[in-house]
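Asks: For reference, the structure I am asking about is given below.
The values are calculated or read from the model by the stated rules, or taken from the named source; none is laboratory data. In this text the structure is predicted, and so the values were computed from the model without any measurement. Here the Cβ positions follow ideal geometry from the backbone for every residue, glycine too, while neighbour counts run over all protein chains shown. Surface accessibility is based on the protein's heavy atoms, side chains included, excluding ligands, DNA and RNA. Shrake-Rupley method; radii C 1.70, N 1.55, O 1.52, S 1.80 Å.
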Amino acid sequence: MAVAGTQESKKPGPLKMARHQLAVAAKHLDLDEGLHNVLATPKCQIIVNFPVVMDDGSVEVFEGYRVLHNLSRGPTKGGVRYHPDVDLDETTALAMWMTWKCALVDIPYGGAKGAVRVDRKRLSKRELEKMTRRFTSEISFVLGPNTDIPAPDMGTDAQVMAWMMDTYSMHKGYTVTGVVTGKPVPLGGSLGRLEATGRGVIVAAGEACKFLNRDLSGSRVAVQGFGNVGSVAARLAEENGCTVVAVSDAQGGIYSESGLPVRTLTERYSHREGGMREFKDCDQITNEELLALDCDILIPAAVSEVIHQENAKDIKAKIIVEGANGPTTPLAEDELSDRGVMIVPDVLANAGGVVVSYFEWVQDLQAFFWEEDEVTHRLEKIMRHSFGSVLATMEQQKTNMRTAAYIIGVKRVADATVTRGIYP
Ligand code: GLU
């Protein structure tokens, strides 16, 4: 299926992708046009331009966004991204994807996303803190444990969440732990949150193998991106008996036919100046070459639109598990689906993060904290159950996994919207 008006461009852009994916599901669901328009449009888009005094005394103006896509099923939920190329359209697409993700795994949230256009590596720790606090203050009128709850995403982490929580709490005059998730554990964070997205990705990979009558153990796995999602997914793949043949970061990747020592790479190389390419017992490869490797499972866990119509033909993996948001364009997905490649879509594959964010929020609201086993057990149960529902819908509707996931997620949001009714 073609994305209208984008046949020439190999990368349609995340918002066109998100709207196309919604349109495909809307057709299956026979959604009323008005309702489809409601779901294709964000509820609220905020753009803020704000100054920060840098360490050298100069003033820099940063552009930030917070987009709340849909509130029908509860407060909005979604990460905050720090990236030099992010814009309002991408943030909107990411917020839409959060809506379907939360609905698919059936947690009581709508979708949101925030972003600041910044290269985090350029900032000192003090500048990062000041920028985070000022951004939080600028968007604070939508934030709150009952309204909109940020979390980490690309370029942000538990420390950034601690500053966001502290800034919001200072305005309130008391500590509000439930305003953000992905916080450090001593500040109301949840055990298991740091690993949650990568853990969910590997549960999804295991379920995909089961469906295809293959074994996860012994599978050859390539992971693009070695941030929080990619590094944890690679480590857990290794712990599950997979051979991790390649990993990469933004600078490029490394490959070893017999498997890379993921734990050593994480502990000893990922923080070095030259990154994991300082590890010598392997071949250097590019990110493009990583995607085309002969492997069983490919985990794109970096940026969006890396698998597009020009390189889809080169992909040799049988299973793609989308750790990143939006890594596969619709035209590439059509080609890969025709070839029988199983793509576990982002809204399912990387939902583990927001699932444990939900657990963190519940723990914060109750001021009662769970043991890690309980978090992991509940996470795996939700991931397996959601995976099973998507497979059942896929077989019933004779479609691919993404459309099946959308049929479930979009229907839940549409039903909530219709049942609540349109005010006034
Ligand atoms: N940023 C993550 C995502 O894209 C997690 C969001 C959250 O935990 O709220 O799913």
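Asks: So who's got an amide H within less than 5 Å of the one on residue 73, skipping anything under 5 residues away but keeping other chains? H placed 1.01 Å off N, in plane.
Replies: 110
Asks: Run the reach check for residue 183 against aspartates and glutamates, Cα to Cα strictly under 18 Å, same-chain hits fewer than 8 apart removed. What comes back?
Replies: Here the aspartates and glutamates satisfying the reach criterion relative to residue 183 are 129, 148, 153, 157, 166, 195, 360, 364, 371, 372.
Asks: I've got another one for you. Under 5 Å between amide H atoms, partner at least 5 residues away or on a different chain: which partners does residue 247 have, H built in plane at 1.01 Å?
Replies: 223, 254
Asks: May I pose another question? Just to verify a number: FRET efficiency for residue 338 and residue 272, C-beta to C-beta distance, R0 = 45 Å, to 0.05?
Replies: Calculated transfer efficiency: 0.60.
Asks: What size of dipole, in debye to the nearest 20, comes out for the chain about its Cα centre when the only charges are +1 on Lys and Arg C-beta atoms and -1 on Asp and Glu C-beta atoms? All intermediate terms of the calculation are to be shown ahead of the outcome.
Replies: Details: 46 positive and 55 negative charges, 166 e Å.
Roughly 800 debye for the chain.
Asks: With the dipole of segment 1-144 worked out from charges on the C-beta (+1 for Lys and Arg, -1 for Asp and Glu) around the Cα centre, which of 44, 18, 79 lies farthest toward the positive end?
Replies: In segment 1-144, that residue is 79.
Asks: Next question. Long-range amide H contacts for residue 81: which residues qualify at under 5 Å (H placed 1.01 Å from N, peptide plane, sequence gap of 5 or more or a different chain)?
Replies: Amide H neighbours of residue 81: 114, 115, 116.
Asks: While we're here: If the cut-off is 18 Å between C-alpha atoms, which aspartates and glutamates fall inside it for residue 316, apart from same-chain ones fewer than 8 positions away?
Replies: Straight-line reach from residue 316, under 18 Å: 215, 257, 288, 289, 294, 296, 305, 333, 334, 335, 338.
Asks: Hey, another quick one. Return, for the Cα atoms of the chain, the radius of gyration and Dmax in Å, separated by a comma.
Replies: When restricted to Cα atoms, the chain yields Rg and Dmax of 20.5, 66 Å.
Asks: So, one more: In terms of Cα to Cα distance under 18 Å, which aspartates and glutamates are near enough to residue 411, apart from those fewer than 8 places away along the same chain?
Replies: Reachable aspartates and glutamates: 30, 32, 33, 106, 346, 395.
Asks: Also: Per residue, how much accessible surface does the chain expose to a 1.4 Å probe? Answer in Å², no decimals.
Replies: 41
Asks: I've got another one for you. Distance in nm between label sites at residue 122 and residue 422, each 7 Å beyond Cα in the beta-carbon direction?
Replies: 4.3
Asks: List the DSSP H helices in the chain whose Cα atoms stretch 18 Å or more along the helix axis and whose mean Kyte-Doolittle hydropathy is at least -0.5.
Replies: Membrane-span-like by this rule: 14-29, 88-104, 158-172, 193-211, 352-366, 401-420.
Asks: Also, quick follow-up: ³J(HN,Hα) across segment 251-267 via Karplus (A = 6.51, B = -1.76, C = 1.60, θ = phi - 60°), whole Hz, x for Gly/Pro?
Replies: Couplings: 7, x, x, 10, 9, 9, 3, 8, x, 9, x, 4, 4, 4, 4, 5, 6 Hz.
Asks: Please compute the modelled spin-label separation between residue 369 and residue 45, points set 7 Å along Cα→Cβ, answer in nm with one decimal.
Replies: 4.0
Asks: Another one. Separation between the residue 313 and residue 147 pseudo-spin-labels, each 7 Å from Cα along Cα→Cβ, expressed in nm?
Replies: Between residue 313 and residue 147, the label points sit 5.2 nm apart.
Asks: Which ³J(HN,Hα) values in Hz, rounded to whole numbers, follow from the phi angles of segment 73-86 under the Karplus curve 6.51 cos²θ - 1.76 cosθ + 1.60, where θ = phi - 60° and Gly and Pro get x?
Replies: Values per residue, Gly and Pro as x: 9, x, x, 7, 9, x, x, 10, 10, 10, 7, x, 9, 5 Hz.
Asks: Right, here's the next one. Carbon and sulfur: what percent of the chain's accessible surface (1.4 Å probe)?
Replies: The nonpolar share, carbon plus sulfur, comes to 50 percent.
Asks: Which pairs in the list 101/130; 101/381; 130/172 are over 22 Å apart, alpha-carbon to alpha-carbon?
Replies: Table pairs above 22 Å Cα-Cα are 101/130.
Asks: Can you list the HN-Hα couplings for segment 176-185, worked out from phi with the Karplus curve (6.51, -1.76, 1.60; θ = phi - 60°), rounded to whole Hz and with x for Gly and Pro?
Replies: For segment 176-185, the Karplus-derived couplings read 10, 5, x, 7, 9, 10, x, 7, x, 4 Hz, x marking Gly and Pro.
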